[in-house]
1. Name the long-range amide H neighbours of Gly126: under 5 Å, sequence gap of 5 or more, or other chain; modelled H, no Pro or chain starts.
2. Normalised radius of gyration for segment 76-185, please: alpha carbon Rg relative to 2.2 N^0.38 Å, two decimal places.
3. Arrange the peptides 263-269, 141-147 so that the one whose residues have, on average, the most other Cβ atoms within 10 Å appears first.
4. Report the full-extension gain for the segment Val244 to Gln217: residue separation times 0.36 nm, less the Cα-Cα distance, to one decimal in nm.
Amino acid sequence: MTQLKSPRVVTWLLTGGAAVLVIGSLLLFRQLATAAVGSHRAPASVASTAAANQSANQGIDMGSVPAPAFTLKDQTGATVSLAQFHGRPVVLTFFDSVCPHADCSLMAEYLNWTARDLGAQSGAIGWVALSVNPWHDTPASASAFLAVHQVAVPLRYLLGTPAQLAPVWDAYHMQAIEQSNGIVLHSTGVYVVDAQGRERMFFFEGFDPKQLSAYLQRLLAGTSLPSGSATPAPSNNAITFSQVANGNTIALTVIPAPFGNYDYTVVAQDAQGTPIPGARVSLDLTMPAMAMAPLRINLTPVSPPIPGAYGARG
């Protein structure tokens, strides 16, 4: 049991993409997590949306918007910019060379399989990875990562400081957080940028390499391209949970965004249904399946103001 000292602190535990209730105003019982997992499921609309996003090209059509520019050093010390690839498509992904999880290793394998499917055409593609671990990635560790995973394509592994990389992560809807234990939590995926420097498709982690290679072949040939899901738009597949704790009613609404961010809104009311103003509200986010310490997100009053409502994106 974890005791919260303030009667107006609300804590939620969210696990692995499916929100589960663990709330309390005076006391938060960790045992509630076990009870909540499995008893709450995402609505069918959320499941169907996820299935739709996995169809076609298992990605999102980016609408040919200009890809955010960057200029960084690669693992050899050479300066690399997105602009220098103008005239050929680019496969852009995100790596952590010391990642203890399977994500980066699998992504390296997916790139290998994609390149094998492309055959000689793989030489017409620009292959780029942006570091999502500036705290530990070095030219040596980046080169070792590519060697260990036998990445045969001429991939440019771009490095930098947190200050240099953070704006690029943000521009490409990625996140990276260093925990106190040194392990970095990060998102990943693959962008396809066309020869004119426009974002064409975003493939989620776990994509089918054959679909990526087929998309790249059509892009190289200039033929009509299959569509992915619709151009990203705010999701309306809200997931809401509520619970009464010590007479107070606490409701959490979670809205998934297309790129892994979630909009969180908490509405707090007392036993008489009166909104609770001036509360301190936070969420503890964790994924039990990986070595992730709880990540705390503090919520602030929503704007425009709604009595008793607090929000954050994370």
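1. The answer is Val90, Val91.
2. Normalised by 2.2 N^0.38 Å, the Cα Rg of segment 76-185 equals 1.05.
3. On the way: 263-269: 20.3, 141-147: 17.6.
Output ranking for 263-269, 141-147: 263-269, 141-147.
4. Working: separation 27, 0.36 × 27 = 9.72 nm, distance 5.53 nm.
Gain on extension, Val244 to Gln217, equals 4.2 nm.
No lab work stands behind these numbers, since they all come straight from the coordinates. Small disclaimer: the values here were computed from a predicted structure and weren't measured. In this analysis, Cβ positions are derived from the backbone assuming ideal geometry, glycine residues included, and neighbour counts consider all displayed protein chains.
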